[in-house]
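Engineer: The following block contains the structure, expressed as structure tokens.
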Amino acid sequence: MLKQLSLDRQVHSVFPVALAALLIIGLARLVLDDLKSHGSFVFKMYGRPRSEKHRLPIVVSAKDLIDENCNLFEGKWEWDNASYPLYEEETCPFLVKQVTCQKNGRPDSFYKKWRWQPNSCNLPRFDALKVLDILRDKRIMFVGDSIQRGQFESMVCLVQSAIPKGKKSLERVPPRKIFKVEDYNVSIEYYWAPFIVESISDHATNHTVLKRMVKLDSIANHGNHWKGVDVLVFESYVWWRYKPLINATYGSGEDVREYNVSTAYRLAMETWANWLESNINPNSQKVFFMTMSPTHLWSWEWRPGTDENCFNESQPIHHPHWGTGSSTEIMEIIHDVIQDLKVNVTLLNITQLSEFRKDAHTSIYGERRGKLLTKEQRSDPKIFADCIHWCLPGVPDTWNEILYAYLLRNHQSL
């Protein structure tokens, strides 16, 4: 009898718990059924869950940000074969033959394994997902010559590994190349404009190299492609330096005259500056200008007594160096024009850090007039070595790491 009473008490004590559990399960089922409905009360109150395309933004942490007092452009190259290169040729199908040095026969890979180390701070580690998040629903466009095309291809390679197959594409619409990232609605673009202003060399593939004529006060045709672009990255130098004088028009399109290159460059930059002030919305657009990419055409500049070029160089320059191919006068013109602008333009002074990298050019392992060098041409590097363009992976990746640091800073300030 006592056992029966004890059992009854246990049943009575468990019954409320079981009933509560059933009520909770029933309520949970109702909530789940409600959530399946587009008319859900919860969704009306708080909104539907974010899809991949509309997920919360990636957090920019303190370690991602550079101190405003840090000069990213003063420093040294440090050997780092543990974390560099940031990608490999074979992992990026979007590279052109001109820059795939190892695939084209370069025997060493040392040039890919140097990391730029600023003197007073660290560059944030490049994060493809953070870049894509910063650029979500935006366009970034690299404007300039084939050096700038290399920086565009570098940026594509730096981000593309984070994007699933079928969600990325590269389209050629001369004078543009357009790399699209579907899930982020991001467009990374390149625009061929070797002088920034208009010229007779503006066809992206069929342009004259030896004969050059620049329209110093004409930019509207190019500018129509730049309007509304969220991030513009400009560069223009090498094409100006072919000879001390350049044929150009200013005012009348029929009046072709020879201009001193520095004079012509200043007039062209002023035309560009006027376009910026008339067309850029500083609240929604960011503008960067890359300083000149140096050349390494004469080995006597870094190794006195020699008469070679960048061919067979496998180490950076580790002492102070400024090559004769980099014009301080042009640097001053760029600085003057940007300083007088009402629109904010961020100058990325990559010249000095690139001056040290005599080892990183395509040399005889690139293209000449759209074709890889023949065996006979490679046997004569003094004539055929390309000491202007850069291998990828390589130096342009560092330019983009610096650009990324500035994009992070701008994103955080917003």
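Engineer: Before we move on, is Y250 of a type outside the set (A, V, I, L, M), open to solvent by 70 Å² or more (accessible area, probe 1.4 Å) and under 24 Å from M331 (Cβ atoms)?
Structural biologist: Against the criterion (of a type outside the set (A, V, I, L, M), open to solvent by 70 Å² or more (accessible area, probe 1.4 Å) and under 24 Å from M331 (Cβ atoms)), Y250 qualifies.
Engineer: Within the bounds of the range 147-163, is there any residue that is small (G, A, S), modelled with pLDDT of 95 or more and farther than 25 Å from I350 by Cβ?
Structural biologist: No, the conditions are met nowhere in the range 147-163.
Engineer: Scan the range 294-303 and give yes if some residue there is of a type in the set (D, E, K, R), more than 30 Å from T91 (Cβ to Cβ), open to solvent by 10 Å² or more (accessible area, probe 1.4 Å) and free of Cβ contacts under 8 Å to residues at least 40 places away in the same chain, otherwise no.
Structural biologist: yes
Engineer: Right, here's the next one. Of everything in the range 49-85, what is among the aliphatic types (A, V, I, L, M), touching a helix residue (DSSP H, G or I) at 6+ places or on another chain (Cβ under 6 Å) and at pLDDT 95 or above? Give them in sequence order.
Structural biologist: Within the range 49-85, just L72 meets the criteria.
Engineer: Among T398, T362, which is the only one that is part of a helix (DSSP H, G or I) and open to solvent by less than 20 Å² (accessible area, probe 1.4 Å)?
Structural biologist: Going through T398, T362 in turn, just one is part of a helix (DSSP H, G or I) and open to solvent by less than 20 Å² (accessible area, probe 1.4 Å): T398.
Engineer: Follow-up. Considering the range 127-154 alone, what residues qualify as being closer than 23 Å to H411 by Cβ and small (G, A, S)?
Structural biologist: Passing the criteria: A128, S154.
Engineer: Starting from residues that are of a type in the set (D, E) and farther than 23 Å from G150 by Cα, keep the ones in the range 215-254 and report whichever is modelled with the lowest pLDDT.
Structural biologist: The qualifying residue modelled with the lowest pLDDT is E254.
Engineer: Among W300, W239, which is the only one that is in contact with a Pro (Cβ under 9 Å, 6 or more places away or on another chain) and not in a loop (DSSP other than H, G, I, E, B)?
Structural biologist: None of the others qualify; the one that does is W239.
Engineer: Can you name every residue in the range 224-236 that is open to solvent by less than 10 Å² (accessible area, probe 1.4 Å) and either part of a helix (DSSP H, G or I) or of a type outside the set (S, T, N, Q) (or both)?
Structural biologist: Residues satisfying the conditions are W226, V229, V231, L232, V233, F234, E235.
Engineer: Filter the range 304-328 down to residues that are of a type in the set (G, A, S) and over 24 Å from I196 (Cβ atoms) and give me whichever is most open to solvent (accessible area, probe 1.4 Å).
Structural biologist: This residue is G305.
Engineer: Could you list all residues from the range 87-113 that are crowded, with 20+ Cβ neighbours inside 10 Å and either without any contact (Cβ under 8 Å) to a residue 12 or more places away in the chain or touching an Asp or Glu at 6+ places or on another chain (Cβ under 7 Å) (or both)?
Structural biologist: L95, Q98, V99, T100, Y111, listed by residue number.
Engineer: Also, I was wondering about something else. Are any residues in the range 157-193 buried (at least 19 other Cβ atoms within 10 Å of the Cβ) and not in a strand (DSSP E or B), and if so, which ones?
Structural biologist: C157, L158, V159, Q160, I163, Y184, A193
Engineer: So which residues in the range 367-384 are open to solvent by 100 Å² or more (accessible area, probe 1.4 Å) and among the charged types (D, E, K, R), if there are any at all?
Structural biologist: Within the range 367-384, R368, R369, K371, K375, E376, K382 qualify.
Engineer: Starting from the range 351-364, keep only residues that are without any contact (Cβ under 8 Å) to a residue 24 or more places away in the chain, then list their pairs with residues that are polar (S, T, N, Q) and open to solvent by less than 10 Å² (accessible area, probe 1.4 Å) whose Cβ atoms are within a distance under 6 Å, requiring at least 6 positions of separation or different chains.
Structural biologist: none
The values are calculated or read from the model by the stated rules, or taken from the named source; none is laboratory data. Keep in mind that this is a model prediction, so the values were computed, not measured. Quick reminder, even Gly has a Cβ in these numbers, built from the backbone with ideal geometry, and neighbours come from all protein chains shown. Heads up: the accessible areas ignore ligands, DNA and RNA and are worked out on the full protein's heavy atoms, side chains in. Shrake-Rupley method; radii C 1.70, N 1.55, O 1.52, S 1.80 Å.
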